[in-house]
Amino acid sequence: MIDYVPIGLQLVFAALLAGAMLGLSSLVSRRPQSRTDLSPYECGVDLLEPGGKRYTIRFYMVAMLFILFDIEAAFLYPWATVFRDLGLPGFFEMAIFIGVLLVGFLYCWRRGALDWD
Amino acid sequence: MDDARAQPPSMRPVPPETEDALHGDTMVVNMGPSHPSTHGVLRLVLRLDGEVVKAVQPHVGYLHRGMEKIAEGMTYNQFVPYTDRLDYLAPLSNNVAYILAVEKLLAITVPPRARVIRVICCEIARISAHLLWLGTGALDLGAATVFFHTFRERETLYNLIESLTGGRLTTSYTRVGGLSRDLPAGWADRLGEFTRAFPKVLDELDSLLSRNRIWMNRTQGVGRISASDAIAMSLTGPNLRGSGVALDLRKTEPYSGYEAYEFDVPVGREGDAYDRYLVRLEEMRQSVRILDQALGRLPDGAIAVDDPKITLPKKERVLTSMEELIEQFMLVTEGIKGPLGEVYHAIEAPKGELGFYLKSEGDKSPYRLHIRSPSFISLQAVEKMAVGGLLSDLIAVVASLDPVMGEVDR
Amino acid sequence: MDPTVTRVLAEASVKIALFFGVVLTVIAYMTWVERRVSAWIQDRRGPNRVGPFGLLQPLADGIKFLFKEAITPPHVYRPVYLLAPALIFIPALVTFSVVPIGPTMSLFGRRIPLLIADVDNGILIILAFASMGVYGVALAGWSSNNKYSLMGGLRSSAQLISYELAMGIAIVGVLMATGSLRLTDIVTHQITNGWNALWQLPGFLIFVTAAFAETNRLPFDLPEAETELVAGYHTEYSGMRFSMFYMAEYANMITASALATTLYLGGYHVPGLAALGLPENAAAIVQVLAFCLKVAMFLFVFVWVRWTLPRFRYDQLMNLGWKGLLPIALAHVLWVSFLVLGGRA
Amino acid sequence: MEGPFIEPRPPRFAVDRLGERFPGAVLEVAEFRGEITVLVPKEVIVEIARFLRDDPATAFDMLTVVTGVHYLGRDYDFEVLYHLYSVAKNHRLRLKVRLRGNETVDSVTSVWPGANWPEREAYDLVGVRFHGHPDLRRIIMPEDYPHHPLRRDFDVEGGPSEIRPEGRVASPGFRDMESV
């Protein structure tokens, strides 16, 4: 575990750096000069309707698909590292696993989950 | 209502709420008037479902200066500077368009040298306007480098325009009955250098975009409009020719002697943004051809009609001769009186048919002046072209229509 | 405290401090390089006023960012809005920690490996920290409470995760060849068996393509596509907070370049160096320079591509990721398995 | 050497055909500088427009522009001009209708969709109202602007109309969008 300590340390350093930069800037930076500075950007005209509405489902679809395939990738990693030792049986086991996922992927593809209009 | 109840549950039409639940709320977004891609102060109010454009409503008028009203109080020559501000990317051709309408009203024929120079002006304006369209259009789709290359070439043209007219953007070059001044010494040779060098630059720009896979994907099939729709929507210029209609006023209703020049009218096939892009690119090549021919036949002689009722006398004569002094005084204070009547004259401006309707009641200023600006008319096609497409396509559509707000709002 | 821990902490602190110094300088000068190279491509001059060749321009920019109005609009969700830049910036700086920039050096009587943390699953650490960036982007877009920001944030998160997938699966080929997740092992394996790019070209190309998308660079810069979404997820940010998004982008570019070098171009390996018989430290310095050269080459390609290509459309981008790169990456894994099973690699 | 204006190709036959098809509809014909202007009754403008578009001999498939002109001291107040062009036949014709006071004229958007914005503009700036126009709102001036600036009696110096009440939005896009 001692190997991981430097990463934690770097995390702390990076956080300190970020904090220092933001802190310093908030100390010396110019204050907003007018109310217009604080208004939301809407191409120079008044807001037509507030944000914060429900958004189209397609993006969530991508997220769901991502989770599925990221799990696949997560399984692939340990398998890949010991692939040489597993040999042919290991290859077929993984081929079946990927094959099952691939069928699901093709199903999503055919059903248009990956289409945008 | 009773019908719905009579049906078994499974037969009932799916209520619209279910669809909405899948798609989320639509979002109303302003694109413009202050937006990086709207070419001035065009404001498009969009209703978006995610990335899909459900409705577009253009709002124009942010640049309205009341030009048509101003013209009612101006003499015919005084209005020339206002035409600079129409399509401010091609002021020279606006000057020509306006003055041709006035000369049609007054039935004036200008000397041959003036006519050739006017052709040169129109074609310089076309190249310069198309270059800007190409640069900003490419920038809109993310290809920033094209922008700078086109601007380098425009700089050459602007230097030429500056030494010709004294102004880079506000040229005000034409006068009723001719031009404000003759070509400076050596100017034709400088233009010749440009026409020799420019085709290579066009090839470069061509090779940056025309066969670029991303560029083709972004523009092909985007903003498609059929030939009959384009005609019904009154599209003109490259926007119409992109749909395959070979309508070019330089060919169909030639003015300033265009019938004597050899050039082709490029047309598209699909009527999409890519075709409009190809058409404009080829038009620049044809403009170079016309410029070469014009330079080759540039006649000597006067650049304005010799009629004291129409053009100002020479300055040195005004200072030494009583007669010319009176003529100058009369022309400046009284202006040129138009006959009773109305005319409409249009030229093939870079953006399309730029027409001026003049109604004269016999006064020194028009009773009514109406500007038929191509951008204003073609902008109404945005809705038809963009609805149902993606937000990114809308950018390509607006870029490919090439609207200039100075001309839209007037 | 345990003396080993103290020693590790001290050593790591020095390395991290050095690394931050170097990487922040490189980030600053990448902005200068970007502007000068783009100017060169576009036939103009670029920044050349501040200092010789405009070399002090990044400094001037930094000072400007520091003093710029730091606007916190009243309509934002404040805690998240303030945290989001840091959420992007911090992981971007940490990702590099497991990448070896050279072999070991002998200094002060100790052998010092030229990387910050030599851990046994370095690849996972990198992917983990790289995916952290998505949170920053999505939260920045959401908390800004602005439509352009929201769209930019959502576009960006969808894009980042889509290409992360293709990238992750492309890397599997390297892991199969090496049999280890440790980056130093991957480098040493390439030293003995040849660079991975030579026989895993599809994987390499997928990795580089995905790297462009992961760093939001053209032709994949849709999240901030200025002509569509004004400035995307950082529309409502200004001053130092805005600059942190900017710096994170460059930090990610550097990390992606370093990773591509390590995974596919033999890392710090210089072919034929061993034959010269240089002393260990001198050889290490040459190798570090070689590593930097390879990274610089990638960085140049990043800049070059940005100023040459137009931008993808959103559906085209997603199609390329899901229907193009992902299947190819899987096929690539299959191909590498055959090679490995066949005893080729 | 020919003049700077276009070779006159006035479609005189179109006027004859119009007279045959709509007896009494051709109220006045003027020819000036090779352009023909036909004054027609406002009640039949849409029928005339559709006939001129669909008749294969005239084939006026494009409406170049619609213009409104305001007059003072005549027995009509407005002239609405329709500049027609035939892409197929390459000739032009100007139709003209005259309106008095609050009279409206039927919109030709059903014949030429391209009449949409020009008619809106004529409404906005001159004050001609087009009956049956799908979306007759102001287009150039702000929605709440009270005048029609291209009328001859409009005060160019600007009146109190220029001052907008506090808090009024110049162009209320959202409300408009609801009707889309």
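The values are calculated or read from the model by the stated rules, or taken from the named source; none is laboratory data. The structure displayed is predicted, hence computed values, not measured ones. Quick reminder, even Gly has a Cβ in these numbers, built from the backbone with ideal geometry, and neighbours come from all protein chains shown.
Count of the range C:83-107 residues, restricted to those that are part of a helix (DSSP H, G or I) and either crowded, with 21+ Cβ neighbours inside 10 Å or modelled with pLDDT under 85 (or both), is 14.
I'm trying to understand the selection: among the residues of the range B:355-374, which are among the basic types (Lys, Arg) and either out of contact with any Lys or Arg (no Cβ under 8 Å at 6 or more places or on another chain) or crowded, with 20+ Cβ neighbours inside 10 Å (or both)? Within the range B:355-374, B:359, B:368, B:372 meet the criteria.
Taking the condition more than 8 Å from every other protein chain (Cβ to nearest Cβ), in a helix (DSSP H, G or I) and more than 30 Å from residue C:74 (Cβ to Cβ), does residue C:140 pass? Answer is no for this residue. Restricting attention to the range B:327-341, the residues that are without any contact (Cβ under 8 Å) to a residue 60 or more places away in the chain and assigned to a strand (DSSP E or B) add up to 1.
Within 20 Å of the chain's Cα centre (by Cα) and modelled with pLDDT under 85, is that true of residue A:94? Here the answer is no, as residue A:94 does not meet what is asked. For the residues C:288, C:301, the requirement of being closer than 16 Å to residue C:209 by Cβ, of a type outside the set (Phe, Trp, Tyr) and out of contact with any helix residue (DSSP H, G or I) (no Cβ under 7 Å at 6 or more places or on another chain) singles out C:301. Which members of the range C:84-109 meet the condition of being at the interface with chain A (Cβ under 10 Å from one of its Cβ atoms) and of a type outside the set (Gly, Ala, Ser)? Those that are at the interface with chain A (Cβ under 10 Å from one of its Cβ atoms) and of a type outside the set (Gly, Ala, Ser): C:85, C:87, C:88, C:89, C:90, C:91, C:93, C:94, C:95, C:96, C:98.
Just so you know, in the range B:319-354 the residues that are surrounded by 14 or more Cβ atoms within 10 Å (Cβ to Cβ), more than 9 Å from chain D (Cβ to nearest Cβ) and hydrophobic (A, V, I, L, M, F, W, C) include one that is farthest from the chain's Cα centre (by Cα), and it is B:325. Please verify whether the range C:302-321 includes one or more residues that are within 22 Å of residue C:178 (Cα to Cα) and modelled with pLDDT of 85 or more. The answer is no, given that none of the residues of the range C:302-321 is within 22 Å of residue C:178 (Cα to Cα) and modelled with pLDDT of 85 or more.
Among the residues that make up the range C:115-123, is at least one of them assigned to a helix (DSSP H, G or I) and of a type outside the set (Val, Ile, Thr)? Yes, because at least one residue in the range C:115-123 is assigned to a helix (DSSP H, G or I) and of a type outside the set (Val, Ile, Thr).
Condition check ((1) without any contact (Cβ under 8 Å) to a residue 24 or more places away in the chain; (2) assigned to a helix (DSSP H, G or I); (3) surrounded by 15 or more Cβ atoms within 10 Å (Cβ to Cβ); (4) of a type outside the set (Asp, Glu)) across all residues:
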{"site": "B:172", "(1), (2), (3), (4)": "no, no, yes, yes"}
{"site": "B:191", "(1), (2), (3), (4)": "no, yes, yes, yes"}
{"site": "B:200", "(1), (2), (3), (4)": "yes, yes, no, yes"}
{"site": "B:217", "(1), (2), (3), (4)": "yes, yes, yes, yes"}
{"site": "B:247", "(1), (2), (3), (4)": "yes, no, yes, yes"}
{"site": "B:259", "(1), (2), (3), (4)": "yes, yes, no, no"}
{"site": "B:263", "(1), (2), (3), (4)": "no, no, yes, yes"}
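Here residue B:311 meets each of (1) within 22 Å of the chain's Cα centre (by Cα); (2) surrounded by 22 or more Cβ atoms within 10 Å (Cβ to Cβ) with one exception, condition (1).
Inclusion of residue C:161 among residues that are closer than 23 Å to residue C:268 by Cα, away from chain B (no Cβ under 14 Å) and not small (Gly, Ala, Ser) is not warranted. Listed conditions (1) closer than 28 Å to residue C:32 by Cα; (2) surrounded by fewer than 23 Cβ atoms within 10 Å (Cβ to Cβ) are all met by residue C:244, apart from (2).
Between B:204, B:262, B:193, the distinction of being more than 14 Å from chain D (Cβ to nearest Cβ) and modelled with pLDDT of 90 or more belongs to B:193 only.
Taking the criterion of being crowded, with 24+ Cβ neighbours inside 10 Å and in a helix (DSSP H, G or I), the residues of the range B:139-149 that qualify are B:140, B:146.
For the range D:71-111, filtering for residues that are surrounded by 17 or more Cβ atoms within 10 Å (Cβ to Cβ), within 25 Å of residue D:34 (Cα to Cα) and more than 12 Å from the chain's Cα centre (by Cα) leaves 7. Answer with yes or no whether residue C:156 is more than 7 Å from chain A (Cβ to nearest Cβ), under 18 Å from the mean Cα position of the chain (by Cα) and at pLDDT below 85. Against the criterion (more than 7 Å from chain A (Cβ to nearest Cβ), under 18 Å from the mean Cα position of the chain (by Cα) and at pLDDT below 85), residue C:156 qualifies. Of the residues making up the range D:112-123, just one is surrounded by fewer than 24 Cβ atoms within 10 Å (Cβ to Cβ) and touching a Gly at 6+ places or on another chain (Cβ under 9 Å), namely D:123. Taken over the range D:40-57, the criterion of being assigned to a helix (DSSP H, G or I) and surrounded by 14 or more Cβ atoms within 10 Å (Cβ to Cβ) is satisfied by D:42, D:44, D:45, D:46, D:47, D:48, D:49, D:50, D:51, D:52, D:53.
Of the helices (runs of 4 or more DSSP H) lying entirely inside the range C:167-273, those carrying at least 3 residues that are touching a residue at least 60 places away in the same chain (Cβ under 8 Å) and more than 8 Å from every other protein chain (Cβ to nearest Cβ) are C:183-193, C:196-199, C:201-214, C:239-264.
The requirement of being outside any loop (DSSP other than H, G, I, E, B), more than 14 Å from every other protein chain (Cβ to nearest Cβ) and out of contact with any Pro (no Cβ under 7 Å at 6 or more places or on another chain) is fulfilled nowhere in the range C:317-332; no residue meets it. Here C:282, C:290 are screened, and the one residue that is hydrophobic (A, V, I, L, M, F, W, C), crowded, with 17+ Cβ neighbours inside 10 Å and more than 18 Å from residue C:210 (Cα to Cα) is C:290. Among the criteria (1) out of contact with any Gly (no Cβ under 7 Å at 6 or more places or on another chain); (2) surrounded by 15 or more Cβ atoms within 10 Å (Cβ to Cβ), the one residue D:63 does not fulfil is (1).
So that you can scan it fast, the table gives a plain yes or no per residue for (1) within 22 Å of the chain's Cα centre (by Cα); (2) of a type in the set (Gly, Ala, Ser); (3) at pLDDT 85 or above:
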position	(1), (2), (3)
C:234	yes, no, no
C:285	no, no, yes
C:323	no, no, yes
C:328	no, no, yes
C:345	no, yes, no
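Quick check on my filter: what residues within the range C:266-279 are farther than 25 Å from residue C:182 by Cβ and surrounded by 12 or more Cβ atoms within 10 Å (Cβ to Cβ)? The answer is C:278, and nothing else. Out of (1) under 27 Å from residue C:159 (Cβ atoms); (2) modelled with pLDDT of 75 or more; (3) in contact with an Asp or Glu (Cβ under 8 Å, 6 or more places away or on another chain), the odd one out for residue A:116 is which? Exception for residue A:116: condition (2). Whether any residue in the range B:116-137 is within 12 Å of another protein chain (Cβ to nearest Cβ), basic (Lys, Arg) and over 21 Å from residue B:199 (Cβ atoms) is what I want to check. Looking for residues that are within 12 Å of another protein chain (Cβ to nearest Cβ), basic (Lys, Arg) and over 21 Å from residue B:199 (Cβ atoms), one finds at least one in the range B:116-137, hence yes.
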